[in-house]
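In what follows, a structure is listed as structure tokens, so that the remarks can point back to it.
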Amino acid sequence: MPFRPHYTGLIENYRDRLPVSDDTKLISLGEGNTPLLRLNNIPAVLGKDVEIYIKYEGLNPTGSFKDRGMTMAVTKAVEEGSKAIICASTGNTSASAAAYAARAGIAAFVLIPEGKIALGKLAQGMMHGATVIQIKGNFDEGMQLVKDVAEHAPVTIVNSINPFRLQGQKTAAFEIVEELSRAPDFHCLPVGNAGNITAHWMGYSEYFDDGIIKARPKMVGYQADGSAPFMRGEMVDNPETVATAIRIGHPQSWDKAWKVKEESQGWFDECTDAQILAAQKLLAEHEGIFCEPASATSLAGAINDINSGKIPEGSMIVCTLTGHGLKDPDTAIKQSTSPMLTVDATLDAVRDAILNNMAD
Ligand SMILES: *Cc1c(COP(=O)(O)O)cnc(C)c1O
């Protein structure tokens, strides 16, 4: 029988590229090593000759890329003797923080905007035993409160302002390069706090500086138009979008992300909520890939730019799908148009339901 080594997570995998020592106790849930899926059907739907790959980060242990950063942040917090972590979150950071804190046997405090977090994410935070603090405010207000309270309580902040988060997240770029044997021409991401686009650029740049790749991708960051500070060129005070994971008006990695845009010769752009939901549905119906709305922003934006020619035909594109579709069942069910039939429990009724709904 052929054997392959037991996969024990991204820190172990990229130990020599991450700030850990031989003595560091790793807090891991087997994160990273996510599929890079080539889209088989959507390019034909668009009628464009483009090679699009999806980095399916929703398949991390808690269902989002946040786990890549959290394994590093919690590992380092534990190494430094911390007994509690804290974050503000639109949902996924809290789910991840709660899980890794449970794994480490330390406490987690999570601040979330009341009523604006997807159901699956709330369930995760609660289930993993975090202290969930709902605030009557948005993410940006929660983030400020976390920064303030960390000066008055013995808690380690695990938002992406924690530099270990970005260290962990840069490994997604390593994985992509290893599978493609090169960097893509364009790497498209949804942008909230802009930590992830910054971390990917760090990863590509590290491989570039070491001569592993000859070119780096243009980094393209997409926001929802109701929550697009990078398009406005200034902070947005009341961000609104169906893509709750990127409902952020005061990005924490503001300066870093502008630098990524400049250095990579990429750009920022915005999508409407309708375009985001359409891209989410396109992936689900034509490729069998289910992501949450915020994640679909990367493909929605890429589609706009492919259609306009800004991303030319013949390009190789990677779109990061940041979180799993099961995170937000409410939005998915609300926008689904698939037939849901209720029929009598008889052979005739079920047969008719099938025959009447067969595609011609
Ligand atoms: C956190 C998150 C984002 C935004 O990432 P940033 O690093 O804040 O830009 C996008 N999509 C999902 C699903 C997220 O959880």
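Got a number for carbon plus sulfur as a percent of the chain's accessible area, 1.4 Å probe? Whole-percent figure for carbon plus sulfur exposure: 52. Kirkwood radius for the stretch 236-360, taken over all pairs of different Cα atoms as the inverse mean of 1/r, rounds to 17.3 Å. Dividing the mean sequence gap of close Cα pairs (under 8 Å, 6+ apart) by how many residues the chain holds gives a relative contact order of 18 percent. Per residue, the chain exposes 44 Å² of accessible surface when a 1.4 Å probe is rolled over the protein heavy atoms with every protein chain present.
According to the Kirkwood relation over distinct C-alpha pairs, the hydrodynamic radius of the stretch 66-164 is 12.9 Å. Shape of the stretch 57-117 from the C-alpha gyration tensor: oblate (a/c of 1.5 or more and a/b not above b/c, with a ≥ b ≥ c the square roots of its eigenvalues). For the peptides 38-46, 332-340, residues were scored by their other Cβ atoms within 10 Å and the scores averaged per peptide; the highest-first order is 38-46, 332-340.
Could you work out [θ]222 nm for the chain from helices alone, using -39500 (n - 2.57) per DSSP H run of at least four and dividing by all its residues? Round to the nearest 500 deg cm²/dmol.
On the way: 15 runs with 150 residues, N = 360.
Helix contribution divided over all residues of the chain: -12000 deg cm²/dmol.
Ordering of 30-37, 292-299 by packing is 292-299, 30-37, highest average first (other Cβ atoms within 10 Å, averaged per residue). Projected over every direction and averaged, the convex hull enclosing the alpha-carbon atoms of the stretch 163-235 yields 5.3 nm².
What does the extension gain come out to for Asn238 and Glu151, with contour length at 0.36 nm per residue minus their alpha carbon separation? Present the calculation step by step, with values, prior to reporting the outcome.
On the way: separation 87, 0.36 × 87 = 31.32 nm, distance 2.65 nm.
28.7 nm is the gain from fully extending Asn238 to Glu151.
Over all orientations, the chain has a Cα convex hull whose mean projected area works out to 21.8 square nanometres. The Cα atoms of the stretch 9-120 give a gyration tensor whose axes a ≥ b ≥ c have a/c of 1.5 or more with a/b no greater than b/c, which makes the shape oblate. Among the listed pairs Lys55/Lys116; Lys76/Lys170; Lys218/Lys261; Lys281/Lys327; Lys214/Lys310; Lys136/Lys256, those whose Cα-Cα separation exceeds 18 Å are Lys55/Lys116; Lys214/Lys310; Lys136/Lys256.
The values are calculated or read from the model by the stated rules, or taken from the named source; none is laboratory data. Bear in mind that the values here come from a model prediction, so they are computed numbers and not experimental data. With ideal geometry, Cβ positions are generated from the backbone for all residues, glycine too; neighbour counts draw on all protein chains shown. Surface accessibility is based on the protein's heavy atoms, side chains included, excluding ligands, DNA and RNA. Shrake-Rupley method; radii C 1.70, N 1.55, O 1.52, S 1.80 Å.
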